[in-house]
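Accompanying notes for the structure given below.
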Amino acid sequence: MSDQATLSDNDAGMITRVEELGYELKISQVMTTNVVTFSPDMTMLEALNLMQHHRISGAPVIMNGEVVGIISTEDLIRALRDGRIDRKVSDYMSKNLITAKATDKVVEALRIFAKKNVGRLPILDENNKLVGLLTKGDITNGLLTALQRDYQAEEVIRYRASHLFEDIESDRTSLILRYRIIKDDFLHGGAASNNIKRALLRLGADRQVARRCGIAAYEAEMNLIIHTNNGGFLRVEIEPHKITMEAYDDGPGIDDVEKALTPGFSTASEEVRNKGFGAGMGLVNIRSCVDEMTIKTSKESGTNLYMTIYLDKPKN
Amino acid sequence: MKITEVIAISNGTLLTPDVNLDREIQGGFAGDLMSDVLASVQAEAVLITGLCNPQVVRTALIADVRLIIFGRGKKPGEDILNLAIDENLPIAASPLGLYEISGRLTQAGLPSYEMEMNLFPKD
């Protein structure tokens, strides 16, 4: 990747969530803030004791509120090797200071760690005062915490979604979807049902529930396309605890409902069968997918098919 | 079984080049009547069919089918392929018949995902 800020779509596709977080998180969000500091006049032995006590492997050296150096276990080892553990911190500290700003993004710190051979970075505010210390371990912890937060947020969304409209208070909350189904429109046959299924999934409905509603709606939709005079309507009402679907048309009505409910019985024409329909399973399928099915039919006013799926009781 | 494996065993050709092929196929279903598919196919199956129209794709989407194989040398048209590509559903075509494809897949270890239907429902 180039240093320029522009990314190609291809590059963008390769970016992981962790890398993204590197650009989102500020150093101030992941650094250690309770920083143990040393003064340059301390002895190396005092520094060693403090580091053991605080279980740290390095610390900035401060004089008059300014960072003047940094001490790490490596410097302690050098002092021990020289047998000069009684010497001052200022004699052994590293004065080649590499720092970062608290307002910088974590990715900046990662770049510094990659380029320079340092184990920790003193973090400064806009007035160059020490506000924290950053190690690679802090970055790892910060990223993991952020990922955990992402995950929890997703859990909350999933929980909410599994309880449709739970947080909305009203005497009766519902969402109504309506679809006009055109007679003989085989080209779009099943499109409305797929939209219904997709809407339910988007609202967070359980996959099984969405599938059952989809199958019932599909069969009802195909019935409107195949068996009506002028097509009809699909109406779906989604409530917190149930989904009610209604398919209605203006005729010609079902002659013998009992027969229509027999598996394999169909009045579909040869032409319709050639399209893969008219298996005589439509109403049978609907009945097996929904919790309640009611048919009102007459020659004069057509057919109303009511289908209800309850969300709190799983079928089968 | 992997989608590419199912297609290879079926002697099929993938017709939707850019769709995601990472999902696993759990079982198979063969049939030409879409209501039969909806009545008894379990989710995550391959649908093997000789019916060739856009409703096959819509039925497959409703039934959570993961791959459609058009058998008997049926070649789906642009309308079918475009719909499938939009929905990220892989489609293959095979010169073999439905019985042959089903047999080969069964032998390769892919189970039937057709639910048994009750011949004499009690009601």
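The values are calculated or read from the model by the stated rules, or taken from the named source; none is laboratory data. Values in this document were obtained by computation on a predicted structure and should not be read as measured data. Positions of Cβ are backbone-derived with ideal geometry, glycine not excepted, and every protein chain shown enters the neighbour counts. Only protein heavy atoms, including side chains, enter the accessible area calculation; ligands, DNA and RNA are left aside. Shrake-Rupley method; radii C 1.70, N 1.55, O 1.52, S 1.80 Å.
A few remarks follow.
- Out-of-range pairs (alpha-carbon distance over 29 Å; input A:183/B:2; A:183/A:296; A:197/A:275): A:183/B:2
- Estimated vicinal HN-Hα couplings, Hz - the stretch B:30-44 in sequence order (Karplus 6.51, -1.76, 1.60; Gly, Pro = x): 10, x, 10, 9, 5, 5, 5, 4, 5, 5, 9, 7, 8, 5, 6
- Distance between the stretch B:66-123 and the stretch A:34-92 - C-alpha centres, whole angstrom: 72 Å
- Two-site label geometry, residue A:175 and residue A:36: point separation in nm, points 7 Å out along Cα→Cβ: 5.5 nm
- Gap separating the Cα centres of the stretch A:251-316 and the stretch A:171-248, nearest whole Å: 14 Å
- Estimated at 0.36 nm per residue, the fully extended path between residue A:64 and residue A:128 surpasses their Cα-Cα distance by 21.8 nm.
- DSSP beta bridges confined to the protein assembly as shown are antiparallel in about 75 percent of cases.
- Shape of the stretch B:3-107, Cα gyration tensor, a/c cut at 1.5: rounded
- Within the assembled protein chains, the solvent-accessible surface assigned to residue A:54 is about 80 Å², based on a 1.4 Å probe.
- Relative contact order %, the stretch A:9-143, counting alpha carbon pairs below 8 Å whose residues are six or more apart: 32 percent
- Exposure of residue A:85 as accessible area (Å², to 10), given a probe of 1.4 Å and all protein chains: 40 Å²
- Mean partner shielding of peptide B:52-59, defined as the number of other chain Cβ atoms within 10 Å of each residue Cβ, is 6.
- Loop-resident sites, the stretch B:53-123, for GluC sites (Glu not before Pro), counting at most 12 other Cβ within 10 Å (DSSP): B:116
- These residues, B:106, A:262, go from largest to smallest accessible area, 1.4 Å probe, as B:106, A:262.
- Residues residue A:55 and residue B:22, FRET efficiency given R0 of 60 Å [Cβ-Cβ distance, rounded to 0.05]: 0.85
- Sequence-separation-based contact order of the stretch A:189-261, relative, with Cα cut under 8 Å and 6+ spacing, percent: 25 percent
- Among A:293, A:119, A:267 the positive-end extreme of the charge dipole of the protein assembly as shown (Cβ point charges): A:119
- FRET efficiency, residue A:82 to residue B:88 (Cβ-Cβ, R0 41 Å, nearest 0.05): 0.05
- With a cut-off of 17 Å on the backbone N, the residues of the stretch B:45-65 near the modelled label site 7 Å out from residue A:274 along Cα-Cβ are B:50-55.
- The dipole here belongs to chain A: it is taken about the Cα centre, uses +1 on the Cβ of Lys and Arg and -1 on the Cβ of Asp and Glu, and is about 820 debye.
- Protein-protein interface of the stretch B:61-77, residues with accessible area decrease of at least 20 Å², isolated chain reference, 1.4 Å probe: B:61, B:62, B:64
- In percent, rounded to a whole number, the relative contact order of chain A is 13, using alpha-carbon pairs under 8 Å and six or more apart.
- Kyte-Doolittle mean at least -1.0 and Cα axial length at least 20 Å: DSSP H helices in chain A: A:136-162, A:207-227
- Residue A:312 - accessible surface, heavy atoms, 1.4 Å probe, Å² rounded to 10: 100 Å²
- Excluding exposed DSSP-loop GluC sites (Glu not before Pro) (at most 14 other C-beta within 10 Å), longest clean stretch of chain A: A:170-299
- Loop trypsin sites (Lys or Arg not before Pro), the stretch A:202-310, which have at most 16 other Cβ atoms in a 10 Å radius of their Cβ (DSSP): A:299
- Sites matching trypsin sites (Lys or Arg not before Pro) across the stretch A:9-96 that sit in DSSP coil, with at most 12 neighbouring C-beta atoms within 10 Å: A:55, A:95
- Student exercise, chain B dipole from Lys, Arg, Asp, Glu Cβ charges, in Debye to nearest 20: 300 debye
- Accessible area buried at the B-A interface, both sides summed, 1.4 Å probe (Å², nearest 100): 1900 Å²
- Per-atom-type breakdown for the stretch B:3-107 gives carbon and sulfur 46% of the accessible area (1.4 Å probe, protein chains only).
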